[in-house]
Amino acid sequence: MLTRFTVAPSGFKESLSARAAADAIAAGVLRVVPDAEIDLVPLVDGGEGTARTLAAATGGRLVALPATGPLGEPVGTHFALLGTGGTAVVEMAAVAGLSLVPHGLRDPGATTTYGVGELISAALDTGVRRILVGCGDSGTSDGGAGALQALGARLLDADGFELPRGGAELVRLSRVDPTGLDPRLADVELLVACNPYNVLCGELGVARVFGPQKGATPAQVERLADGLENWARVLTRDLAVTGDLYGGPGTGASGGLGAGLAALGARLLPRFEVLLDHLDLDARLARADLVLTAEGALDHQTPRGKVPAEVARRAKLYGRPVLALAGTLGEGAHTVPGVDAFSGILPAPMAPAEAFLRAGELLTDATERALRMVLLGARLPAGPRPQTAGPVPPRVSAPLSVPASGTHRPSSVR
C-alpha cells in the first residue's frame, strides 16, 4: 500500500507557485489516502519563488525594496539572505519577470534587466561574499545590458551617446565602457543558476526560441537576434571575455542575462546543481513510495532542464516510481526519461483564462483521478489470466480500500 509520498512540483507559470502546486497535489492525495505521509518539496528552477523558497529552506530572510521593473517603472521586489550566511539570492523574475509585464505591453525589445543590477548592488551593500542569481521566467531579451548599466557600465553608440534601455537597441551598440563598474564586483563570487540548454545566439538562440513567447513579432525576433550577436561581439572585445558568449551553455538564460553576467566574471552553473542541494531533495525522494511532480507543460522540452525531468532522474537513482501531472500535454510527453506515468489536469477543453483561474482545483482533482488509477492497477493480477475448462461463476471482488472523493483526515505533511 502506498503511504509515503514526496510531492516535488515546479510552479505553473502565471498561474500557480510551486508551493501552491504542491499544496494542490497534497489535497488530491489525501482524498485517496487520508492517512498518507506527504513530504512537500516545492521546487524552484531559478524563476519565480526562488528567493523565497531558498530563504525558507535555510532559515534566512527576504529583504524588500523598490527597484526598476521591466517596463522602466519602479516595482516592489526583494532578494534573499540565506540562513547559511554570506550568500544572497537575487531572483531576476522578481524584478524583470514576464508576470510583471501586462499582456498588452509585452515587447521584449523594450523591457530591461536594469532592476536586476540594482538588486545585485543592494546585495553588495549587505557585505555578502557570494551572490546567486536565479534565471528563469524572464520578460526581457536585452542580454543583461540593463543589469550592466545599473552596475555602472556605459553602453555607447557610434557617436558616443549612451544607448536607451532594451534589447532592440543593441544593434546600435558600438562600445562598452566598463570603467564605472561597481568595484565591489571584483571581491564577490557571482554565480548564475541557469538552464544550460539556453544559448544566446544562433537558430536555437534565446531571441528565436523565447522571443515570440514574450510578445515579439517575427521582425522583432530578427532584430533582437542581431542585437544579441552584436552584444556578444562587443562584450567579448571590450571586457576581454575569454569564454564563448555566443553559444556557451546558459548564455541565453533569462533573455541573455547569463551572457551579460558572464562578461562580468560570473560562473554559469546548471541550476539544479546549485539550487536543489539546499532542499535535500535526494534523501526526500529516497523515502517515498511514490513521487509526484508537475509543471505547466509536459512535452519534448521537458528533458531539456525542466523540473519533472530532474525529479524523475534523481528518483530513479533510488528506484522510485514517478507520476507527472501537467497543465498541457504536448508532443514528446511520453518520452521524458524516468517518468513512469503522466496525466493532464484538464478534464475537458476549456479556455486558457478559465484553466489559469481554476488551476489549483484542477490539479487537486487530477491528482485524485490519477492516484485512484494507480491504486487500481496495483490490485490487478500480474500476467495472463489462467485458462479454465468451463464457465466461471461470477466473483464479487472486495471494494477498493480507498475513501470516497472529498474525504479528509489529518496527515503528516511537511
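The values are calculated or read from the model by the stated rules, or taken from the named source; none is laboratory data. Everything quoted here is computed from the prediction, not taken from an experiment. Heads up, the Cβs are rebuilt from the backbone with ideal geometry, glycines too, and the neighbour counts pull from every protein chain shown.
Which condition number in (1) surrounded by 22 or more Cβ atoms within 10 Å (Cβ to Cβ); (2) out of contact with any Cys (no Cβ under 7 Å at 6 or more places or on another chain) is the one that Arg129 fails?
The single condition Arg129 does not satisfy is (1).
Please determine, by comparing only the residues of the range 291-334 that are more than 23 Å from Val209 (Cβ to Cβ) and of a type in the set (Val, Ile, Thr), which one is surrounded by the most Cβ atoms within 10 Å (Cβ to Cβ).
The residue in question is Thr293.
Name the residue that is modelled with the lowest pLDDT, counting only residues in the range 239-290 that are in contact with a Pro (Cβ under 7 Å, 6 or more places away or on another chain) and not in a loop (DSSP other than H, G, I, E, B).
So the residue we want is Pro270.
Out of Asp125, Asp137, report the one residue that is of a type in the set (Asp, Glu) and either within 25 Å of Val221 (Cβ to Cβ) or touching a residue at least 24 places away in the same chain (Cβ under 8 Å) (or both).
None of the others qualify; the one that does is Asp137.
Under 7 Å by Cβ, and 6 or more places apart or on different chains, what pairs join a residue from the range 335-355 that is at positive phi and outside the structural domain of Ser15 (by TED's automatic domain parsing) with one that is among the acidic types (Asp, Glu) and surrounded by 15 or more Cβ atoms within 10 Å (Cβ to Cβ)?
none
Could you list, in sequence order, all residues of the range 220-246 that are under 17 Å from Thr111 (Cβ atoms) and among the hydrophobic types (A, V, I, L, M, F, W, C)?
Val221, Leu224, Ala225, Leu228, Trp231
Applying the selection to the range 177-217, what residues are within 24 Å of Ile120 (Cβ to Cβ) and charged (D, E, K, R)?
Correct list: Asp177, Asp182, Arg184, Asp187, Glu189, Lys214.
Pull out all pairs, ordered by first then second residue, where Cβ-Cβ is under 9 Å, the residues are six or more apart or on different chains, the first lies in the range 270-299 and is of a type in the set (Phe, Trp, Tyr), and the second is surrounded by 18 or more Cβ atoms within 10 Å (Cβ to Cβ) and in a helix (DSSP H, G or I).
So the pair list comes out as Phe272/Leu281; Phe272/Val307; Phe272/Glu310; Phe272/Arg314.
Residue by residue through the range 9-27, note down the ones that are under 10 Å from Leu363 (Cβ atoms) and of a type in the set (Ser, Thr, Tyr).
Ser15 - this is the single residue of the range 9-27 that is under 10 Å from Leu363 (Cβ atoms) and of a type in the set (Ser, Thr, Tyr).
When you go through (1) in contact with a Ser or Thr (Cβ under 6 Å, 6 or more places away or on another chain); (2) surrounded by fewer than 24 Cβ atoms within 10 Å (Cβ to Cβ) one by one for Thr111, which number turns out not to apply?
Looking at each condition in turn, Thr111 falls short on (2).
Looking at the range 291-329 only, could you name the residues that are in a helix (DSSP H, G or I) and out of contact with any Leu (no Cβ under 8 Å at 6 or more places or on another chain)?
Of everything in the range 291-329, those that are in a helix (DSSP H, G or I) and out of contact with any Leu (no Cβ under 8 Å at 6 or more places or on another chain) turn out to be Ala309, Ala312, Arg313, Lys316.
Go through the range 1-86 and tell me which strands (runs of 3 or more DSSP E), entirely inside it, have 1 or more residues that are touching a Lys or Arg at 6+ places or on another chain (Cβ under 6 Å).
Hits in the range 1-86: 4-7, 37-40, 74-81.
Of all residues being buried (at least 21 other Cβ atoms within 10 Å of the Cβ) and either touching a helix residue (DSSP H, G or I) at 6+ places or on another chain (Cβ under 8 Å) or over 19 Å from Val116 (Cα atoms) (or both) in the range 152-165, which is modelled with the highest pLDDT? Just the residue, please.
Restricting to residues being buried (at least 21 other Cβ atoms within 10 Å of the Cβ) and either touching a helix residue (DSSP H, G or I) at 6+ places or on another chain (Cβ under 8 Å) or over 19 Å from Val116 (Cα atoms) (or both), the top hit is Leu155.
Within the group Glu229, Glu203, Glu222, which residue is over 30 Å from Gly86 (Cβ atoms), part of a helix (DSSP H, G or I), free of Cβ contacts under 8 Å to residues at least 24 places away in the same chain and among the acidic types (Asp, Glu)?
Criteria check complete, one pass: Glu222.
Taking the range 55-80 on its own, how many of its residues are surrounded by 24 or more Cβ atoms within 10 Å (Cβ to Cβ), in contact with a strand residue (DSSP E or B) (Cβ under 6 Å, 6 or more places away or on another chain) and in contact (Cβ under 8 Å) with a residue 60 or more places away in the chain?
So the count comes out to 0.
Of the residues that make up the range 364-376, is at least one modelled with pLDDT under 95, among the polar types (S, T, N, Q) and under 22 Å from Arg4 (Cα atoms)?
Looking for residues that are modelled with pLDDT under 95, among the polar types (S, T, N, Q) and under 22 Å from Arg4 (Cα atoms), one finds none in the range 364-376, hence no.
Restricting to the range 181-202, and then to whatever is under 18 Å from Gly109 (Cα atoms) and not aliphatic (A, V, I, L, M), can you tell me which residue is surrounded by the fewest Cβ atoms within 10 Å (Cβ to Cβ)?
Gly202
Would you call Glu331 acidic (Asp, Glu) and either under 20 Å from Val7 (Cβ atoms) or modelled with pLDDT of 95 or more (or both)?
No, not satisfied.
Results for (1) surrounded by fewer than 24 Cβ atoms within 10 Å (Cβ to Cβ); (2) of a type in the set (Gly, Ala, Ser), shown as yes or no for each residue.
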| residue | (1), (2) |
| --- | --- |
| Gly243 | yes, yes |
| Ala253 | no, yes |
| Gly256 | no, yes |
| Ala263 | no, yes |
| Pro270 | yes, no |
| Glu273 | yes, no |
| Leu276 | yes, no |
| Asp282 | yes, no |
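For the range 327-375, what are the residues that are within 17 Å of Asp23 (Cα to Cα) and of a type in the set (Val, Ile, Thr)?
Within the range 327-375, Ile345, Thr364, Thr367 qualify.
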